[in-house]
1. Can you tell me which condition Pro94 does not meet? The list is (1) more than 30 Å from Ser22 (Cβ to Cβ); (2) not in a helix (DSSP H, G or I), and all the others hold.
2. Being in contact (Cβ under 8 Å) with a residue 12 or more places away in the chain, in a helix (DSSP H, G or I) and over 23 Å from Pro21 (Cβ atoms) narrows it down to one residue among Leu40, Leu80; which is it?
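None of the figures in this text is laboratory data; all of them are computed from the coordinates on show. In this text, all values refer to a predicted model and were calculated from it rather than measured experimentally. Virtual Cβ from ideal backbone geometry, glycine too; neighbours counted across all protein chains shown.
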Amino acid sequence: MLYIWLISLIFYRYTFFRFSPSDLMAPYWINMGAMAISTLAGMLLVDNSAHSPLLQRLEPFLLGLTLLFWATATWWIPMLVILGFWRHAYRKFPLTYSLFWWGAVFPLGMYTVATYHLATVTDAPFLLFIPRAFVFIALGAWALTFVGLIRSFRLSGSPRAA
């Protein structure tokens, strides 16, 4: 739940305060990853609720909260993509390798897995197109980040931290 509060504060900052391209950093993707991890955890609890009387009683609450986490993660993705486009295409901020980009790769994979579990546990096959597409998006992001890492080794002998 802390990440939902943080996302709200970050969104408030984006909306009401001056924002420069250097303010947007790759670790903002971690917020989406936290929501995806919470979605996966919630779906695993819902899926195994038959084995626990406590979880059986909490299942509607768990499902509702898990859907809130998934919706928050889903909402966060287009905003970050739009802000990334604004930063690099519109404001011409250089897109260079940073170790921080790995913080964007993991959440994409986690969102893929979480959405797959959400679709299968809730019997919502109409959602399966999301993980089917996101697996390639996550693999592409991993490959691009890996290429950036290799290039940074070639250029400087060690990866640049920022």
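1. Of the numbered conditions (1) more than 30 Å from Ser22 (Cβ to Cβ); (2) not in a helix (DSSP H, G or I), the odd one out for Pro94 is (1).
2. Leu40
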